[in-house]
Amino acid sequence: MGPHPAVAEIRRAVRTALATPAAPDCATAGHPTVVKVAQSAVLVACSGGADSLALAAATAFEAPRQGLRAGLVTVDHGLQPGSAERAARVAAVGYELGFDPVITLPVTVGTGGGPEAAARTARYAALDAAAAALGARVLLGHTLDDQAETVLLGLGRGSGPRSIAGMRPVEARYLRPLLGVRRASTVAACAALGLAPWDDPHNADAAFQRVRLRHEVLPLLEDVLQGGVAEALARTAALVREDLDALDGLSATATPAADAAGAGTAERDGLDAAALAQLPRALRMRTLQSWARRHCAGPLSAVHLAAMDALVTDWHGQGPLDVPGARVARASGKLVIIPPPRELQE
């Protein structure tokens, strides 16, 4: 009779993702260092929730059929009582599903950016380290519903098209096979396979914005707009990503034009402001962002980019601009990176 329809849907999504060729070299998300990514090894990041548990079961079924070594990793954030015991239960399921290796990673969660951001930072650092040790790709259980919530959060923050482009199916070493799968399918797949997901109480805590979007905003939009909202938001993210990728490609070819001395010297001598000002704003902003990123600047907000752009298009002698991880100034008609003051270095 074949597998349950939800099980078949998730296996098909995983099968497609696993067939995606790995880049020979890539930079991990948030880290500039280049790492080697093996085509023959994958790790499933599993919290024990329905999404990642269904993903794990499908990967355990599909990976051996593609000649891939599959491991499972669970991160213990230590934020709730009994978290170590829950991580041990997830590991036990990993062994039952046949994963090798099965890795449990306790992490220390900081406070920067709020609890959600701090937990995410700690989690990805742990996943990066585990994947780097094995040279593996990492499968994440984000679903279409997660994508819709991400787009709504981006719209609310108003920080431009990048914020509503959502999560990429492939990003450096990370794969998200379930971005086209509804959360209801992962729940149904777990039930069909006899797997008991863990319901994280944080997922019902209205103190978190994403929880309120999930339980209040999206259901209201579905009612008002008569259904199909989550799919429409995910489709919007995909369309915006296509446009952004095209603009990023144009920006990469436009960057040398912004350097009056010739390609390659912008790294050493800065960006020529007059040439940069001739670019359309969409390309200019991308050029500024990629240039700052190459100088180890942290994530730039829309405010940071607007201030950098003002050094080009609204120059009236303003002083240096502090951005995360760097300091930008205009000197002799060029944008340059300058050392931060001593007090900012200490």
For residues that are touching a helix residue (DSSP H, G or I) at 6+ places or on another chain (Cβ under 9 Å) and not in a loop (DSSP other than H, G, I, E, B), scanning just the range 163-177, find the one that is modelled with the lowest pLDDT. S163
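Here's the yes/no breakdown for (1) in a helix (DSSP H, G or I); (2) closer than 26 Å to A13 by Cα; (3) in the same structural domain as L72 (by TED's automatic domain parsing); (4) over 23 Å from the mean Cα position of the chain (by Cα):
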| site | (1), (2), (3), (4) |
| --- | --- |
| E85 | yes, no, yes, yes |
| Y95 | yes, yes, yes, yes |
| T104 | no, yes, yes, no |
| Y124 | yes, yes, yes, no |
If I go through the range 53-73 residue by residue, how many of them are of a type in the set (S, T, N, Q) and surrounded by fewer than 24 Cβ atoms within 10 Å (Cβ to Cβ)? 1
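The values are calculated or read from the model by the stated rules, or taken from the named source; none is laboratory data. For clarity, every value in this text was computed on a predicted model and none was experimentally measured. Because the Cβ atoms are built from the backbone with ideal geometry, glycine has one as well, and the counts that use them run over all protein chains shown.
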